[in-house]
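Single-structure report; data block below.
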Amino acid sequence: MITVTSARKNYGSFAALDDVSLDIPSGSLTALLGPSGSGKSTLLRSIAGLEELDSGTVTIEGRDVTDEPPQRRGIGFVFQHYAAFKHMTVRDNVAFGLTIRKRPKAETRKKVDELLEIVGLDGFQHRYPAQLSGGQRQRMALARALAVDPQVLLLDEPFGALDAKVRTDLRQWLRRLHDEVHVTTVLVTHDQEEALDVADRIAVLNKGRIEQVGDPVTLYERPANDFVMGFLGSVAHLGGQLVRPHDIALERDRATALALDAKVVDSPGVIDAVVERVVPLGFEVRVELRAESGERFAAQITRRDAAELQLREGEKIHARATGRSSVIDVDPALAI
Amino acid sequence: MRVSRGIRLSLRVVALGYLFVLLAVPIGVILWRTFEPGLSEFLASISTPAARSALNLSLLIVAITVPVNVVFGVATALALVRGRFRGRGLLQAVVDLPFAVSPIVVGVALIMLWGAGGWFGALDQAGFQVIFGIPGMVLATIFVTLPFVVREVEPVLHEIGQEQEQAASTLGANGWQTFWRITLPAIRWGLTYGVVLTVARALGEFGAVIMVSSGFPGVSQTLTLLVHSRYIDDHNTYGAYAAATLLMGIALVVLLLMTVLDRKRSDR
Amino acid sequence: MTSDTDQQRRGPRPGTDVAPLPPRPDATAPDGIHPHGGGAPPYADPGDAAARPKHHGRGLRALRRPLGIGVVTLWLSVIVLLPLAALTVAAFDEGLAGFWEAVTAPAAVAALWVTVLVSAIVALVNAVVGTLVAWVLVRDEFRGKRFVNAVIDLPFALPTIVASIVLLSLYGPNSPIGVELNATRWGLVVALLFVTLPFVVRSVQPVLIEADHEVEEAAASLGASTWTTFRRIVLPTLAPAILSGTGLAFARAIGEYGSVVLIGGNIPRETQVASQYIQQQIEIDRPLNAAAVSVALLAIAFVTLLLLRVVSGRSQRREERDA
């Protein structure tokens, strides 16, 4: 368990962390999600001891580490830009923490070989970081962080500098690694898809505060507020409310629309709109609409529904929200 | 910019011609004048007792200046790059100051501070002679070479950033371990380059050193002072040429090192 | 304000390992209070003393940086600032009037004038020829270019007194080509050109390498002639670098001593430069005169460098605004 209590950190007049409290259960893979400047990296670096808090405390597995330097916190840290030791081979990079601890040579060698196999870099022992791809460098950095058996593994936008394909691969791989190694892991990301994909818990940060903490499904389906909803997926403004595009249904017949809408609690009502554009997206179709109020929004419907509706640009149509699941629904128990 | 062949060729001729007249011809002439009487004459001229002691003194000054500049230069660069404190801009300016100060002015300033009538004149009266002694020559050399290490190490420190050091600290390395294992290897080429520049300037400094040296042959003459006194005081023109050629040889080695190191630095 | 009180609260704590304030009921893990217990990671292994990084309390950690800065500042002060301070004080030993008298003595004024005049000529020649050399080294291709490029640094590597001897061997008495510049202002100019050669070349070169070929090609595609492209596109890009190189060359030239001491001849009012005047005043034991002219020389160098910084700062800002 990592516990952060009432953490505050100011840079000049800018509050990077504004009274943040957070519990991270042992063995979990938690994502700190937020836009840039939300304080997520500062929070992670404060847990690592790379930043000193102005006030507040950090405990790791019950030990107050607030005043401990990073060396004594029992952490492994992975940087966005790898922070590879450029003048050392892959083996020396991974062995660094063990060398510092003056472990016996044989033990170090065995451990390093083991880890390199886990991260898929066996055979690369004698290369230098400059001879590795970005993805390989990041896996080396992970092995290096894991070599010292950290109590917690902290990753600061670990895949941010990689291209899209490598990023998704490494993400899956991290998930599998976590299932095997089970070390408490905290990951900072600004990519909601990444957070939803890889984490079993997500803390959404904004402007130095935590907006909501929960598992991915809860956050997606029951966001605590507009910000969380907007940040965890695309949204459409419908009658003054936020609705996920795939929770919008389109009807030809206004009466049918009204009848179906009546069954939805707190619905934004039926919105009359004009079809502006129909964009096929493979399995789904995005329909771009303009409400009578002039407001533009988009609905995402299946190909079949689209085919049945026979949508044409310029036609009038009636939009309604299909369920309350994605409509804002603040559950005070979930809000922090 | 598309430049016609004719213009390009004439520009090339002008540029190379300028360099030829300014650099190549004079150096060729001095080499010719040095080696015309034969190699043995040259060797004899640079191995007189006065020349030997001049070489020794020059090397002694280098041997003191380099370590001092390395230690304080790296410390200063670290403070300038990593430190956030008020007056950092001022410190930056002070580091650059020696580049803007004439060597002669350096000499005068040192005399005003350490000389018999200066602020620290009491030292002189107590028998510890700074000016007209080796300490003064060392101080003058340190003054003029002070910026080299700092200015070569600083950009490298900037470039490598703090992530590697932070990574080392999360892996359990303390401050010293991080410095020796991570920071120092990362700045090694920049530092070496700074040291090469320091050595070159320390061996070659003339103006600042002549001001604070008593200039006795065999006692307080460096190689550059030897060149000067042979030409001016002894009217030994050939001796001056020979000593200058020796210094030039050292300079060429330095230049070679600079070129090699420059490539090493950009390889990283 | 919170941070202050917090610092105090934390003051004595770094030595202890136990969390004194379980902040929330759920914050204390069941086994959490014994960080050094079994199963702890290697960093906390009490038997492995060497493996434990030295403990730094916050106090020590906070102290180390200012200490380093203090040492560095002290060092720079003793080596650089104190001598210059002593020099300045010595220059005003007899008050402002004494300083003024020393600086405006006819010989001093003449020496300063020769210095500035010759340095200005040298700086101008450098601005033109240095840019040209840089252009040839960047945009032209010929055999031995790398060698020529390396040779540019020779004047930086060569001791100034050697430069003096080297030039004397060619232009001095018994000149093999019959050109005797010994003890003339032209001798000064040649010597200073020799030692200041790298400044403009080395400051223009990287800018020229970085310069965007496409912009030049765009200008050409719009019908600009080579000369117009150079004047309107290339030169404005290079101007800050040329200016900075020229300024540095000027600053170096006004203080130069070693390379001019032999070839210059040290003829008062004719070829005696300021640094030679200063040296002479020390020799005839007029420290006030030496210090005063030194301060004047320093002032000229500072003003040059300051102007340079202001101008380059302005052009940089303009570019950033455009971007």
message: Looking at the stretch B:7-14, can you tell me whether even one residue there is under 19 Å from the mean Cα position of the chain (by Cα) and either in a helix (DSSP H, G or I) or within 8 Å of chain C (Cβ to nearest Cβ) (or both)?
response: no
query: So is B:L184 of a type in the set (A, V, I, L, M, F, W, C) and surrounded by fewer than 22 Cβ atoms within 10 Å (Cβ to Cβ) or not?
result: yes
task: Quickly run through the stretch A:99-117 and pick out the residues that are surrounded by fewer than 16 Cβ atoms within 10 Å (Cβ to Cβ) and part of a helix (DSSP H, G or I).
output: A:K105, A:A106, A:E107, A:R109, A:K110, A:D113, A:E114, A:E117
task: For C:A150, state whether it is hydrophobic (A, V, I, L, M, F, W, C), facing another protein chain (nearest Cβ under 9 Å) and surrounded by fewer than 22 Cβ atoms within 10 Å (Cβ to Cβ).
output: yes
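Suppose we filter the stretch B:88-101 for residues that are more than 24 Å from B:E205 (Cα to Cα) and either more than 8 Å from chain C (Cβ to nearest Cβ) or in contact with a Cys (Cβ under 6 Å, 6 or more places away or on another chain) (or both); how many remain? Steps first, please.
So in the stretch B:88-101, the residues more than 24 Å from B:E205 (Cα to Cα) come out as B:88-91.
Adding the requirement that they be either more than 8 Å from chain C (Cβ to nearest Cβ) or in contact with a Cys (Cβ under 6 Å, 6 or more places away or on another chain) (or both) leaves B:88-90.
Qualifying residue count, the stretch B:88-101: 3.
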- prompt: Out of all the residues in the stretch B:132-170, which are over 30 Å from C:Y257 (Cβ atoms) and at the interface with another protein chain (Cβ under 10 Å from one of its Cβ atoms)?
  reply: B:I160, B:G161, B:Q162, B:E163, B:Q164, B:E165, B:Q166, B:A167, B:A168, B:S169, B:T170
query: Would a scan of the stretch A:135-143 turn up a residue that is within 14 Å of chain C (Cβ to nearest Cβ), under 10 Å from A:V78 (Cβ atoms) and within 22 Å of the chain's Cα centre (by Cα)?
result: no
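For the stretch A:139-182, which positions are touching a strand residue (DSSP E or B) at 6+ places or on another chain (Cβ under 7 Å) and among the polar types (S, T, N, Q)? Give the steps one after another, and end with the answer.
Initial filter on the stretch A:139-182 (touching a strand residue (DSSP E or B) at 6+ places or on another chain (Cβ under 7 Å)): A:141-142, A:145-146, A:148, A:150-158, A:178.
If the condition is that a residue be touching a strand residue (DSSP E or B) at 6+ places or on another chain (Cβ under 7 Å) and among the polar types (S, T, N, Q), then A:Q151 is the only one that fits.
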query: Quick one: which of C:R252, C:R309 is within 16 Å of the chain's Cα centre (by Cα), of a type outside the set (S, T, N, Q), surrounded by fewer than 16 Cβ atoms within 10 Å (Cβ to Cβ) and under 29 Å from C:V89 (Cβ atoms)?
result: C:R309
Checklist (1) over 27 Å from B:V108 (Cα atoms); (2) out of contact with any strand residue (DSSP E or B) (no Cβ under 7 Å at 6 or more places or on another chain) applied to B:V150, failing item: (1)
task: Could you identify the single residue in C:I284, C:I278, C:I233 that is under 24 Å from B:I131 (Cβ atoms), of a type in the set (V, I, T), without any contact (Cβ under 8 Å) to a residue 60 or more places away in the chain and buried (at least 16 other Cβ atoms within 10 Å of the Cβ)?
output: C:I278
message: Just to be sure I understand, how many residues within the stretch A:15-71 are assigned to a loop (DSSP other than H, G, I, E, B), touching a helix residue (DSSP H, G or I) at 6+ places or on another chain (Cβ under 6 Å) and among the hydrophobic types (A, V, I, L, M, F, W, C)?
response: 2
statement: When (1) surrounded by fewer than 23 Cβ atoms within 10 Å (Cβ to Cβ); (2) within 11 Å of chain B (Cβ to nearest Cβ) are applied to C:L124, the one that fails is (2)
- request: Check the stretch B:35-57 and report whether any residue there is in a helix (DSSP H, G or I), crowded, with 18+ Cβ neighbours inside 10 Å, facing chain C (nearest Cβ under 10 Å) and of a type outside the set (A, V, I, L, M, F, W, C).
  value: no
- request: Just one of (1) part of a helix (DSSP H, G or I); (2) within 8 Å of chain C (Cβ to nearest Cβ); (3) of a type outside the set (D, E, K, R) trips up B:L80, so point out which.
  value: (2)
- prompt: Which residue out of C:A211, C:A220, C:A249 is small (G, A, S) and within 30 Å of B:S229 (Cα to Cα)?
  reply: C:A249
query: Based on what the data block shows, is B:Y193 crowded, with 19+ Cβ neighbours inside 10 Å and at pLDDT below 90?
result: yes
query: (1) within 8 Å of another protein chain (Cβ to nearest Cβ); (2) surrounded by fewer than 23 Cβ atoms within 10 Å (Cβ to Cβ); (3) among the hydroxyl-bearing types (S, T, Y); (4) over 22 Å from the mean Cα position of the chain (by Cα): which one isn't true of A:Y11, the others all being true?
result: (1)
field: Residue satisfying condition, being at pLDDT 90 or above, buried (at least 22 other Cβ atoms within 10 Å of the Cβ), outside any helix (DSSP H, G or I) and within 12 Å of chain C (Cβ to nearest Cβ), within set B:A202, B:A173, B:A240
entry: B:A173
statement: Checked the stretch C:72-82 for anything more than 7 Å from every other protein chain (Cβ to nearest Cβ) and β-branched (V, I, T); matches are C:V78
task: Could you tell me whether C:W186 is within 9 Å of chain B (Cβ to nearest Cβ) and over 28 Å from B:T145 (Cα atoms)?
output: no
message: Regarding the stretch B:217-234, can at least one residue be identified that is assigned to a helix (DSSP H, G or I), over 22 Å from B:S47 (Cβ atoms) and of a type in the set (A, V, I, L, M, F, W, C)?
response: no
- request: Inspect the stretch C:153-163 for any residue being closer than 30 Å to C:N289 by Cα, out of contact with any Pro (no Cβ under 9 Å at 6 or more places or on another chain) and of a type in the set (A, V, I, L, M) and give the result as yes or no.
  value: yes
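The values are calculated or read from the model by the stated rules, or taken from the named source; none is laboratory data. Treat the numbers as computed from the prediction; the structure is a model and nothing was measured. So basically every Cβ, Gly included, is an ideal-geometry build from the backbone, and we count neighbours across all protein chains shown.
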